[in-house]
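These notes concern the structure reproduced below.
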Amino acid sequence: MSTSARLRDRRVQLARRAIASKAVRGSLVSVAGLVGGPVTNQAGEDVGRVVDIVARLYGADPYPPLTGLVVRVGRRRAFLLADTIEQVAAGQVRLRTARMDLREYERRPGEVLLARDVLDHQLVDVDGVQVTRAADLYLAPLADRIVLVGVDVSLPTLLRRLGPRRWQVRPTPERVLDWQAVAPFAEHATDGPAQVHLRGSRSSLHQLRPADLADVLEDLGRSERQQLLAWLEPGHAADALEEMEPKELENLLREAGPTYAAQMMEEMEPDEAVDALRDLETGERETLLERMPPAQATGLRVLLSHREGTAGGAMTTRLVTARREHTIAEVRGLLAEQAEHRTEIDAVAVVDPGGRLLADIPLFHLAVAEETSTLGEIVDWLAQFGTQVVVGPDTRIDEAADHLVASRASSLLVVDANERPVGRMLADDVLDSLMPERGRRHFRRFLQ
């Protein structure tokens, strides 16, 4: 999908959200403006000052409902339930009754202090695909409840908060992100077990491209990054890790802990996993390998045994092999089973009964061939054009690059001394090795 199409889709999504409603836009109340403001009873008498606003970020509600207020009454921090609130207006709160149950505030599971835990903390603007901070939060009445509907990330709002009260103005709706468009994070609370977690089930982070998610991970602080990783499935995280800068990836793997780091690396393409393992200390590398399935760990150790700067050190072991007697329909079935690895597979290696290479057939030839044709027919047809180019594991990268350019192929098959396929060097692997200052992950983002 093009960038313009994605933006159009996002505008359509935003148009359906609460913040697009004129009624909601006209009733936005600043959380920052409420803190320190007066709380009055039904008779209009001051009973205390707002310390914080409590909301429940978990559950099925797309807009977190307020569950109460923390109010300073004398020297006490009391908790007022949401059903005692008559109105929340700019800078003040009015209660329904003059009677108050001044119970001491204790954080309950799933509750968050908006000013303390979310305001000025990092969050992800999913629509804008960027990490930013909440300069202010906005409440509004919605369906007979007071809910958190928006977040402002603009610099003018931050300056408004820091400046004199006479500079404070009503929020500009164009600068307020709908709450459903963000994923919030926060530090662990010191006075309770709750913390702001990624609203994974309702966020759109899983729809981000791996390169975009990698940017998000790189920009987040350590605490927020760990919260995001805790939500992501290892496979989803692995796709993003493959796009990260090497140093950032190295730090992330250390932060994630060996068990989860090993799970993510299991999901990475072999060549990417090896690149990441090479950057770790020997002890760290072995710790991760020991936590992987034995067969996978053995394969990665084999790749690690090849020297950097050689085809064996940069190849992927993700191969699709078939025999002459296989039909095109059967080979397409084999390829379908490897759909999740489609970026690593651009050809099928045809081998004899002993596993020795007969031909490396590009996917284009398989796409245009009749389903009933056999690979043997294509092998025989390709033979008339001469011997195809393969390289050995010890072939230098610059030499492999020359072969790649001369053959006009998108990859080179790597074979051992017995002509058995052991891996494949993709064009971007060659470029990464020849342009280390750019790195694979940075290069692939430009391609996207």
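Where a number appears in this text, it was derived from the coordinates with a stated rule and is not lab data. Note that this is a predicted model, so its numbers are computed, not measured. Cβ sites come from the backbone with ideal geometry, for glycine too, and all protein chains shown count toward neighbours.
Numbers at a glance
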| quantity | calculated |
| --- | --- |
| Least to most buried among Ile328, Ile85 (fewest other Cβ within 10 Å first) | Ile85, Ile328 |
| Neighbourhood charge, 10 Å Cβ-Cβ cut-off, centred on Leu148 and excluding it, Lys, Arg +1 and Asp, Glu -1 | 0 |
| Footprinting exposure proxy for Phe79, Phe185, Phe364, Phe385 (fewest neighbouring C-beta atoms within 10 Å first) | Phe385, Phe364, Phe79, Phe185 |
| Built amide H within the under 5 Å cut-off of Val390, gap 5+ | none |
| Whole-angstrom gap from segment 240-260 to segment 50-110, using each part's C-alpha centre | 40 Å |
| Stokes-Einstein translational diffusion, segment 347-447 - Kirkwood Rh over all Cα pairs, 1.306 mPa s, 10 °C, in µm²/s | 107 µm²/s |
| Additional length obtainable on full extension of the chain from Arg408 to Glu308, 0.36 nm per residue less Cα span | 33.6 nm |
| Stretchable slack from Glu399 to Arg332, in nm (0.36 nm times residue separation minus alpha-carbon distance) | 20.9 nm |
| Relative pair counts by distance (%), Cα atoms of segment 208-305, 10 Å bins | 16, 56, 25, 3 |
| Neighbour-count ranking [beta-carbon atoms within 10 angstrom, fewest first] of Asp279, Asp398, Asp271 | Asp398, Asp279, Asp271 |
